[in-house]
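One structure below.
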Amino acid sequence: MVRRALTALIWLAIAMPAVLLGGFFFFALVSFFVILAAYEYVKMFQARDYQPSLTVTVGGTWIVLIARAFYPDQAGMILTLVILLALTVHLLAYERGRNGAATDFAIAVGGIVYLGWIGAYLYDLRALPNGGWWVMLVLPTVWMADAAAYMIGSQYGRRKLAPRLSPNKSWEGYLAGVFTGTLYGGFFAHVYSWLGPLHITFGQGMLLGLVLSLLTTLGDLGESLFKRESGIKDSGSFFPGHGGAFDRIDSWLWAAVIGVYWIRHFFIK
């Protein structure tokens, strides 16, 4: 627990300047997590003898992330070209004797789209008007929900939430996370509207916190699906006490998507 908390504090100290500065600095932070997660994603499947191209998956993920962040009008075309490149690489792999090349191609494209295209919503969240404040509302709300779910679930969890996907998750932990995320959504909304430029009421913040904490667990379970398929516990070991980069951003991906569309719909005119 101490190591877990220390790692979180160190990375918070690194991340906060990037969140505050935005632009290239925040993009570099997002790139670090997404690229490392893409690397871990490939390694997870390679552990089960699948062979998605590491170069195409990691490189394609970053290319799509760059396109979504800086060339949004061309992002669809660039994603299409990256997918066609992935197909070409795996066609050649089949010609060289790789019988599972079609599955490898599907895994590579899945990683590129999930981590590159959807991962870019983290940058989109920061790019909103007053984006640094929105990042500090959306992501910490999810972190607090995750922390509550972990603490309550590990101590009092009895009823399994998804026994095949994630045997350690419980309904008790999940509901504690939803309750905590809802309260912290309201708390952050109130504080940032008082001290900062946001105009969001306590109740509106609670509603956003409720939606985030209800749904972002699906991102965690989604990554658990990949890990169960690969037969591993953590996607990596880069973050002591926390696992790998994919373990860290699994719920962030959903949080960013929900946050971007929710904020655009209700708070940006």
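The values are calculated or read from the model by the stated rules, or taken from the named source; none is laboratory data. From a predicted model like this one, the values you see are computed outputs, not experimental measurements. Reconstructed Cβ throughout: ideal geometry from the backbone, glycine too, with neighbour counts over all protein chains shown.
Output yes when any residue across region 115-134 is in contact (Cβ under 8 Å) with a residue 60 or more places away in the chain, within 17 Å of the chain's Cα centre (by Cα) and farther than 30 Å from residue 196 by Cβ, and no when none is.
Checking region 115-134: at least one residue is in contact (Cβ under 8 Å) with a residue 60 or more places away in the chain, within 17 Å of the chain's Cα centre (by Cα) and farther than 30 Å from residue 196 by Cβ.
When you scan region 228-240, do you find a residue that is of a type outside the set (Asp, Glu), touching a Ser or Thr at 6+ places or on another chain (Cβ under 7 Å), surrounded by fewer than 19 Cβ atoms within 10 Å (Cβ to Cβ) and at pLDDT below 90, even just one? Show your work before the answer.
Going residue by residue through region 228-240, those that are of a type outside the set (Asp, Glu) are 228, 230-233, 235-240.
If we keep only those that are touching a Ser or Thr at 6+ places or on another chain (Cβ under 7 Å) too, we end up with 239-240.
With the extra rule that they be surrounded by fewer than 19 Cβ atoms within 10 Å (Cβ to Cβ), the set shrinks to 240.
Checking which are at pLDDT below 90 leaves us with 240.
Yes.
Among the residues of region 164-187, are any among the aliphatic types (A, V, I, L, M) and surrounded by fewer than 17 Cβ atoms within 10 Å (Cβ to Cβ)? Steps first, please.
Within region 164-187, the first condition is being among the aliphatic types (A, V, I, L, M), and the residues that meet it are 165, 175-176, 178, 183.
If we keep only those that are surrounded by fewer than 17 Cβ atoms within 10 Å (Cβ to Cβ) as well, we get 165.
Yes, there is a match, as at least one residue in region 164-187 is among the aliphatic types (A, V, I, L, M) and surrounded by fewer than 17 Cβ atoms within 10 Å (Cβ to Cβ).
Only one of 88, 61, 55 is surrounded by fewer than 21 Cβ atoms within 10 Å (Cβ to Cβ) and closer than 24 Å to residue 226 by Cα. Can you tell me which? Before you say what the answer is, go through the steps one by one.
Numbers: 88 fails: closer than 24 Å to residue 226 by Cα; 61 fails: surrounded by fewer than 21 Cβ atoms within 10 Å (Cβ to Cβ).
Sole residue among the options that is surrounded by fewer than 21 Cβ atoms within 10 Å (Cβ to Cβ) and closer than 24 Å to residue 226 by Cα: 55.
Which ones in region 195-226 are under 25 Å from residue 269 (Cβ atoms) and among the polar types (S, T, N, Q)?
201, 204
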